[in-house]
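The structure appears right after this line, and notes come after that.
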Amino acid sequence: MIVIRTAEELRAFRPQLQAPVGFVPTMGDLHEGHLSLVRRAIRENSSAIASIYINPIQFEKHDDLAGYPRTWKKDKDLLANLAISAVFLPEDAVMYPEGFSTKVTAGKLASRWEGEYRPGHFDGVCTIVAKLLSLVQPDVAYFGDKDYQQLKVIQAMVRDLNIPVTVSSGDIIREPDGLALSSRNHRLPDEDRIRAPRLKAALDRVRSGLLAGGESPSILQSEREALESDGFIVDYLAAVDSESLEPVISLHESNEVRLLVAARLSSVRLIDNRAL
Ligand code: AMP
């Protein structure tokens, strides 16, 4: 596995990769969610690259950025074991050199949900993903369903900007108790870690209620209250059209529905989702 640290090195190395090239962008602290995408990139392509870069412009709070885990030694071993061709590991000065000022503005799909609670977040995500795609020039880029809205925002960007890449999505990888794997999970105090799987359980109950013919506002409200009485501060719990991300009231209105949730336990913000 080759470790590439600059844009120039990447440009020189890229022609050596056999097409099709699969690419998995990450922020590191790799877990099975990331590795499942890397395994697919390797399996489905002739060569594969991952990137590890903690993108400062997608964090609105400095302490969230400063506290983000940096675990390069562990990540390097995990990737090397999978026999990936290369990992791109740029410094901030490589991605945002002196004078950097052009940004991508995320489209309409970014306005609600995470976009409302994390202003500017998706502009930061789109900017870094556009830059990484432009540098790596992959045939296929892999993103997790875990960040469902992010996946949809990136698919729209790729379409709108005619970026020549296929976006492929990967299933959410979970702990045995249902909690979606996330770099933030380590930050949960023990008692919150025990409660955290209730987020996924709430999504499961909303699903059952809607499939049994219930109206979404009342089901969502009662599950929201149940989470709040369990100590969660719920930013949103929503049933949305899986493409437009607009709220859905009753099932017959929409072909495919996605359930989205974001909530905080102590100071740790968790997001999850599931298909109906
Ligand atoms: P991150 O390092 O958090 O930016 O995530 C990098 C990629 O891994 C994104 O496409 C995420 O959606 C994906 N990912 C993160 N956690 C999971 C998970 N539990 N299951 C599947 N994919 C995930």
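Counted residue by residue at 0.36 nm each, then reduced by the alpha carbon distance between them, the extension gain from Arg264 to Ala66 reaches 69.4 nm.
Helical runs assigned H by DSSP (4 residues or longer) give the chain a calculated mean residue ellipticity at 222 nm of -11000 deg cm²/dmol, each run adding -39500 (n - 2.57) before division by the residue total. The alpha-carbon atoms of segment 141-276, seen along their principal axes, cover 46, 37, 23 angstrom, with the largest extent given first. Taking amide hydrogens as placed 1.01 Å from N in the peptide plane, the amide H of Val234 sits under 5 Å from those of Arg264, each at least 5 positions away in sequence or on another chain. Put simply, the Cα atoms of the chain extend 57, 40, 39 Å along their principal axes, the longest span coming first.
Taking a Cβ cut-off of under 10 Å around Leu135, the surrounding Lys, Arg, Asp and Glu residues balance to a net charge of +3, with basic ones at +1 and acidic ones at -1.
Using the alpha-carbon centroid of each, what span in Å lies between segment 236-276 and segment 80-97? If we compute the Cα centre of each part, the gap is 33 Å. Shape summary: segment 1-131 maps onto an equivalent ellipsoid whose semi-axes, from the alpha-carbon gyration tensor, are 26, 17, 16 Å in decreasing order. Provide the net charge surrounding Val94, with neighbours chosen by a C-beta distance below 14 Å and charges set as Lys +1, Arg +1, Asp -1, Glu -1. Net local charge, Val94 excluded: -2.
The Cα atoms of segment 6-49 define a convex hull whose projected area, averaged across directions, is 3.4 nm². Per the Kirkwood formula applied to alpha carbons, segment 205-266 shows a radius of gyration over Rh ratio, Rg over Rh, of 0.99.
Between the alpha-carbon centres of segment 128-178 and segment 21-58 there is a gap of 10 Å. Calculated FRET efficiency, Ser250 to Gln155, Cβ-Cβ distance, R0 = 25 Å: about 0.45 to the nearest 0.05. With the crude spin-label approximation of a point 7 Å out along Cα→Cβ, what separation in nm comes out for Asp92 versus Ile163? Placing both labels 7 Å beyond Cα along the Cβ direction yields 2.3 nm.
Counting only other residues whose beta carbon sits under 10 Å from that of Arg193, what net charge do I get with K and R as +1, D and E as -1? For residues surrounding Arg193, the net value is -3. Taking all protein chains into account, the per residue accessible area for segment 10-156 stands at 45 Å² (1.4 Å probe). In this label model, Arg14 and Asp230 are separated by 4.5 nm, measuring between points 7 Å along each Cα→Cβ vector.
You can think of it this way: the chain between Ala275 and Lys74 has 69.1 nm of extra reach, that is 0.36 nm per residue less the Cα-Cα gap.
Kindly give Rg over Rh for segment 66-164, based on alpha-carbon atoms, with the Kirkwood expression for the hydrodynamic radius.
Values: Rg = 15.0 Å, Rh = 15.4 Å.
Here Rg/Rh amounts to 0.98.
Shown in residue order for segment 131-141 are the 3J(HN,Hα) couplings computed by the Karplus curve 6.51 cos²θ - 1.76 cosθ + 1.60 at θ = phi - 60°: 5, 5, 5, 5, 6, 7, 6, x, 7, 10, 10 Hz (x for Gly and Pro).
The values are calculated or read from the model by the stated rules, or taken from the named source; none is laboratory data. It should be emphasised that the depicted structure is a prediction, and the values quoted were computed from it without experimental measurement. Ideal geometry is used to build each Cβ from the backbone, glycine not excepted, and the neighbour counts take in all protein chains shown. Only protein heavy atoms, including side chains, enter the accessible area calculation; ligands, DNA and RNA are left aside. Shrake-Rupley method; radii C 1.70, N 1.55, O 1.52, S 1.80 Å.
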